[in-house]
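A.B. asks: Can you read through this structure? Questions will come right after.
Just so it is clear, none of the values below were taken in a lab; they were calculated from the coordinates. This one's a predicted model, so the numbers in the text were calculated from it and none came from an experiment. Quick reminder, even Gly has a Cβ in these numbers, built from the backbone with ideal geometry, and neighbours come from all protein chains shown.
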Amino acid sequence: MVYELHPLKYTYNALEPFIDAKTMEIHHSKHHKTYTDKFNGVLEKHPELFKKKAEELIAGLNGLPEEIRGGVRNFGGGYVNHNFFWEVIGPNGGECKGKILELIKRDFVGFDEFKKKFSESALALFGSGWTWLVMDKDKKLKIINLPNQDSPLTLGMHPLLTIDVWEHSYYVKYFWNRTEYIKNWWNVVNWEKVNELFIQSLNK
Ligand code: MN3
């Protein structure tokens, strides 16, 4: 079994005007596709690993054979991170509510404070990477930046929300203006999904 590039659950233009159709098309059908193909290519050296879920491989990265570890970290990470990203954004971005909102208020004073901190973190990330909202092992919410295609799963954390701040995720529309991209991105956050992931993380 090889890992597949799944179709999005919404159309490429569904996130307009916040994320444009061209960016979505290139991001999914070219960038994500390339990560998927290269990830499969890396695993050909150890085909028994195809039996595992991609997320399991990333969580257990440090136990993988050394010759493929770097490849899985980069390309498997890219595969898994993008799968996750497409789920936590969507056309019906709404208001943050439910249990997750209560916990955000507990761990970040208030929702606006959280939003500000998360945005600042995403803006400050140097080079390529992702900003994450995670449930840490101590059951507290944290905002972390990780470089390249590194995943919180490898650190034993549960990802709840993420923004891709690689330039390929905004350059077509926003050029150098990452601030504007981040500001508009909040409109497409799928809080229902984030809340669902949060509830799942409590039982793990
Ligand atoms: Mn990307």
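A.B. asks: Going by C-beta contacts inside 10 Å, put 106, 178 in order with the fewest on the left.
C.D. replies: Listing 106, 178 from fewest to most nearby Cβ atoms yields 106, 178.
A.B. asks: While we're on this one: What's the ranking of 109-117, 180-188 by average number of surrounding C-beta atoms within 10 Å, highest first?
C.D. replies: Going from most to least packed, we get 180-188, 109-117.
A.B. asks: Here is a further query. Taking a point 7 angstrom from the Cα of residue 46 along the C-beta vector, which residues in segment 73-109 have backbone N less than 11 Å away?
C.D. replies: Within reach of a label on residue 46, which here means backbone N under 11 Å from a point 7 Å along Cα→Cβ, segment 73-109 contributes 73.
A.B. asks: Given the -39500 (n - 2.57) contribution per DSSP H run of 4+ residues, what per-residue ellipticity at 222 nm results for the chain, rounded to the nearest 500 deg cm²/dmol?
C.D. replies: -12500 deg cm²/dmol
A.B. asks: How much FRET efficiency would the formula 1/(1 + (r/R0)^6) give for residue 33 and residue 92, where r is the Cβ-Cβ distance and R0 is 30 Å, rounded to 0.05?
C.D. replies: After rounding to 0.05, the efficiency reads 0.75.
A.B. asks: Gap in Å between the Cα centre of segment 12-44 and the Cα centre of segment 140-204?
C.D. replies: The two parts, judged by their Cα centres, are 16 Å apart.
A.B. asks: For segment 63-154, state what percent of all Cα-Cα pairs lands in each successive 5 Å bin, counting from 0 Å until the bin that includes the largest distance.
C.D. replies: So the P(r) values, bin by bin, are 2, 11, 18, 21, 21, 14, 6, 4, 2, 0.
A.B. asks: Highest mean first, what order results for 191-200, 59-68 on Cβ atoms within 10 Å?
C.D. replies: Ranked from most to least packed, the peptides come out as 191-200, 59-68.
A.B. asks: Could you compute the FRET efficiency for residue 106 and residue 67, with r as their C-beta to C-beta distance and R0 at 45 Å, rounded to 0.05?
C.D. replies: 0.55
A.B. asks: Would you please classify the overall shape of the chain from the alpha carbon gyration tensor, given that a ≥ b ≥ c denote the square roots of the eigenvalues, rounded means a/c under 1.5, and beyond that prolate means a/b larger than b/c while oblate covers the rest?
C.D. replies: Because a/c hits 1.5 or more and a/b fails to exceed b/c, the chain counts as oblate.
A.B. asks: Next question, about the same structure. So what is the relative contact order of the chain, in percent, for Cα pairs below 8 Å that sit 6 or more residues apart?
C.D. replies: 26
A.B. asks: For the chain, with a Gaussian network of springs between Cα atoms less than 10 Å apart, report the residue from 142, 173, 51 with the top mean-square fluctuation.
C.D. replies: Between 142, 173, 51, it is 51 that shows the largest mean-square fluctuation.
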